[in-house]
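Peer 1: Got a structure for you, questions after.
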Amino acid sequence: MDEQNPSEFQFIKEKIKDKPINRKRVAERLLIGIIAAAIFGAVAALAFAFVLNRMTASMRTTVVSIPSDEENTGDENKPTESGTTEVSDNSVDLNNDEDEAKVVIRRVTEHVSLTTDDYKDLYRALYTKAQVVDQSIVTVTGVKSDQDWFDNTFEDTNQTSGLIVANNNRELLILAVNLQSKSADKLSVTFHDGSTAEATVKETDSNTGLEILGVNMNQIDADTMNHIREATLGNSASSGVSGKPVIVVGTPYGAGGSLAYGFISTKERNVALTDRNIGLLCTDIYGSTQATGVIADYDGEILGIINQKVASEDMPNLMTAYSISDLKELIEKLSNGKQPARLGVRGTDVTKEINKENGIPIGAYVKSIDMDSPAMNAGIQGGDVITKIGTQSIETFDDLTNALMKLQPEDETVVTVKRYAHKEYIEMTFEVTLDQAG
């Protein structure tokens with residue numbers, strides 16, 4: 001080989017070819033990628049939906065619903081299927097109320113012997129019951145800032161007891177009476193455990209003096225929530241409520257956290273307000289004329305809302321309360337941010353006895369008309385007997401109240417009355433546009 005002649009060198013030439021594409025494997029990988037992406041997307045969507053649902057649930061306002069009560073005998077000793085009556089754990093055949101009373105008295109006088117330790121245990125047990133009710137009680141404080149003649153700023157404070165009636169998932173709703181919150185610059189609530197929170201007025205009913213306040217749930221920590229409870233509203237419509245032993249919790253003696261024991265002496269008296277008559281629970285409990293709070297039975301159920309402004313003039317210091325059964329629809333409406341519709345009449349029932357003796361038609365008898373009310377503007381007069389609102393028949397004044405609670409302010413309705421004219425009652429109809437009392 002000639003070293004001077006490079007052409008004599010021979011080299012092997014090699015050409016590198018690309019590896020052929022495996023279409024089947026590429027398709028498999030693409031399919032796996034699509035499936036993985038779909039699974040990831042589904043999981044992400046579910047997670048997002050779960051989080052969104054939790055967020056919207058925490059923001060959702062729950063509608064407050066309070067069942068109404070029906071009047072019943074209220075007897076705690078109920079008849080058995082065999083027709084006998086059970087008294088405590090002993091079953092005794094009874095023929096009438098007198099026999100039942102004798103049996104109860106005999107059992108107490110002949111079989112019960114109390115020592116001083118028994119009395120201690122009794123009042124300790126009552127105190128425990130009262131503390132359960134007290135968990136539903138708050139102190140509402142209204143503060144108004146003002147200036148004196150020398151331009152010095154001072155604060156005027158007004159306090160009352162409030163009752164926790166509902167939790168709408170956004171706010172804790174509190175019922176108070178005669179708070180006069182409209183004149184307050186600031187409202188605060190003190191709970192059972194001593195913690196405080198700011199409150200706002202949700203709705204006010206000037207007719208009854210009742211107000212619903214709201215406390216944002218974000219202001220209430222978990223520990224406080226464990227120390228408070230929503231009140232259980234009992235049935236005060238029962239005819240057997242008179243004579244029932246009760247506890248007064250709130251400020252019966254003018255000081256917060258005080259309590260008293262006694263019984264309901266009567267529920268015969270009513271207070272006549274615009275478009276409603278509210279039964280009053282009167283007790284034998286002597287207290288402050290400025291008392292606030294609630295009347296509860298030994299089961300911890302609320303029977304009445306203390307309002308000493310409607311106490312009897314000759315017994316102003318005896319605890320008097322609005323009957324809770326007469327307020328439930330109103331509390332529900334105010335708790336849901338609605339005002340009751342107003343007609344503007346005050347009156348009473350026309351009973352069957354009155355109808356028979358005086359010939360007055362059955363219905364809601366109008367004693368008086370509020371000035372500048374829808375009733376006055378429509379032409380309804382004192383002495384009229386309301387027999388229908390819309391298509392609903394009215395036989396009692398409670399029927400009128402219930403019919404109006406189903407309507408809203410600004411609703412138009414037809415009120416049918418019977419009016420005495422020319423020595424007989426004639427039927428008349430009036431078109432009425434309702435307004436609101438608050």
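Peer 1: Output ³J(HN,Hα) for segment 284-290: one whole-Hz value per residue in order, computed from phi by the Karplus curve 6.51 cos²θ - 1.76 cosθ + 1.60 with θ = phi - 60°, and x for Gly and Pro.
Peer 2: 9, 8, 8, x, 7, 6, 9
Peer 1: Show me 278-285, 366-373, 303-310 ranked by packing, highest mean number of other Cβ atoms within 10 Å first. Could the numbers behind the result be given before it?
Peer 2: Details: 278-285: 21.1, 366-373: 16.0, 303-310: 22.8.
Answer by packing, highest mean first, reads 303-310, 278-285, 366-373.
Peer 1: Okay, next question. With charges set only on the Cβ (+1 for Lys and Arg, -1 for Asp and Glu), what does the dipole of segment 239-335 come to about its Cα centre, in debye to the nearest 20?
Peer 2: Numbers: 7 positive and 11 negative charges, 23 e Å.
About 100 debye.
Peer 1: Hey, got a sec? Which GluC sites (Glu not before Pro) in segment 174-242 land in a DSSP loop and have at most 16 other Cβ atoms within 10 Å?
Peer 2: On the way: sites: GLU198, GLU203, GLU211, GLU230; in loops: GLU230.
Passing both the DSSP loop test and the Cβ count: GLU230.
Peer 1: Give a residue-ordered list of calculated ³J(HN,Hα) values for segment 182-197 (Karplus: 6.51 cos²θ - 1.76 cosθ + 1.60, θ = phi - 60°; whole Hz; x for Gly, Pro).
Peer 2: Karplus values, whole Hz, x for Gly and Pro: 4, 8, 8, 7, 8, 10, 9, 10, 10, 8, 4, 8, x, 6, 10, 7.
Peer 1: Cross-link list LYS267/LYS352; LYS182/LYS267; LYS129/LYS328: which exceed 25 angstrom alpha carbon to alpha carbon?
Peer 2: Details: LYS267/LYS352 21 Å; LYS182/LYS267 31 Å; LYS129/LYS328 23 Å.
With Cα atoms farther than 25 Å apart: LYS182/LYS267.
Peer 1: Determine ³J(HN,Hα), in whole Hz, for all residues of segment 236-249 in sequence, where each value follows from phi through the Karplus function 6.51 cos²θ - 1.76 cosθ + 1.60 and θ = phi - 60°; x replaces Gly and Pro.
Peer 2: Per-residue couplings from phi come out as 9, 7, 5, 5, x, 6, 5, x, 7, x, 9, 10, 9, 10 Hz.
Peer 1: Now, a different point. So for segment 239-335, Kirkwood radius off the Cα pairs, Stokes-Einstein at 20 °C and 1.002 mPa s: how many µm² s⁻¹? Before the final figure, lay out each step's value.
Peer 2: Details: Rh = 13.3 Å.
D = 161 µm²/s.
Peer 1: Compute the distance from the alpha-carbon center of segment 190-243 to that of segment 302-358, in whole Å.
Peer 2: Between the Cα centres of segment 190-243 and segment 302-358 lies a distance of 20 Å.
Peer 1: In units of 2.2 N^0.38 Å, what is the alpha-carbon radius of gyration of segment 341-436?
Peer 2: Details: Rg = 12.5 Å, N = 96, 2.2 N^0.38 = 12.5 Å.
That works out to 1.00 for segment 341-436.
Peer 1: Something else about it: Work out how much length ILE35 to THR200 would gain on full extension: take 0.36 nm times their residue separation and subtract the Cα-Cα distance, in nm to one decimal.
Peer 2: Separation in residues times 0.36 nm, less the Cα-Cα distance, equals 54.0 nm.
Peer 1: Follow-up question, since we're still on this one. Can you tally the net charge around ALA176? Count Lys and Arg as +1, Asp and Glu as -1, for every other residue whose Cβ sits under 12 Å from the Cβ of ALA176.
Peer 2: Numbers: positive: LYS202; negative: GLU203, ASP205, GLU211.
Net local charge, ALA176 excluded: -2.
Peer 1: While we're here: What ranking do 158-169, 388-399, 342-353 get when scored by the average of other Cβ atoms within 10 Å per residue, highest first?
Peer 2: Values: 158-169: 20.8, 388-399: 17.1, 342-353: 19.0.
Sorting 158-169, 388-399, 342-353 by mean packing, highest first, produces 158-169, 342-353, 388-399.
Peer 1: Now a separate question. So if I take the alpha carbon set of segment 137-227, get Rg, then get Rh from the Kirkwood formula, what is the Rg over Rh ratio?
Peer 2: Values: Rg = 14.1 Å, Rh = 13.8 Å.
A ratio of 1.02.
Peer 1: Now for a separate question. Considering the alpha-carbon set of segment 220-284 alone, what are its Rg and its Dmax in angstrom?
Peer 2: Just the Cα atoms of segment 220-284 yield Rg and Dmax of 15.5, 43 Å.
Peer 1: Roughly what percent of Cα-Cα pairs across segment 286-402 reach past 22 Å?
Peer 2: On the way: 3619 of 6786 pairs.
It works out to 53 percent of all Cα pairs.
Peer 1: Taking a point 7 angstrom from the Cα of GLU412 along the C-beta vector, which residues in segment 368-387 have backbone N less than 18 Å away?
Peer 2: Only 374-380 pass the distance filter.
Peer 1: Mind sorting ASP134, ASP185, ASP117, ASP297 by how few other Cβ atoms lie within 10 Å of their own Cβ, fewest first?
Peer 2: Details: ASP134 22, ASP185 11, ASP117 8, ASP297 19.
In increasing order of surrounding Cβ atoms, one gets ASP117, ASP185, ASP297, ASP134.
Peer 1: Continuing with this model, one more query. Provide the packing ranking of 118-126, 263-271, 220-228, i.e. peptides ordered by the mean count of other C-beta atoms within 10 Å per residue, highest first. Show your work: numbers first, answer last.
Peer 2: Numbers: 118-126: 11.2, 263-271: 15.8, 220-228: 12.9.
Top of the packing list down: 263-271, 220-228, 118-126.
Rule-based calculations on the coordinates, nothing more; no lab input. Remember, predicted model here, so these are calculated numbers, not experimental data. Cβ coordinates were reconstructed from backbone atoms using ideal geometry, including for glycine residues, and neighbour counts include every protein chain displayed.
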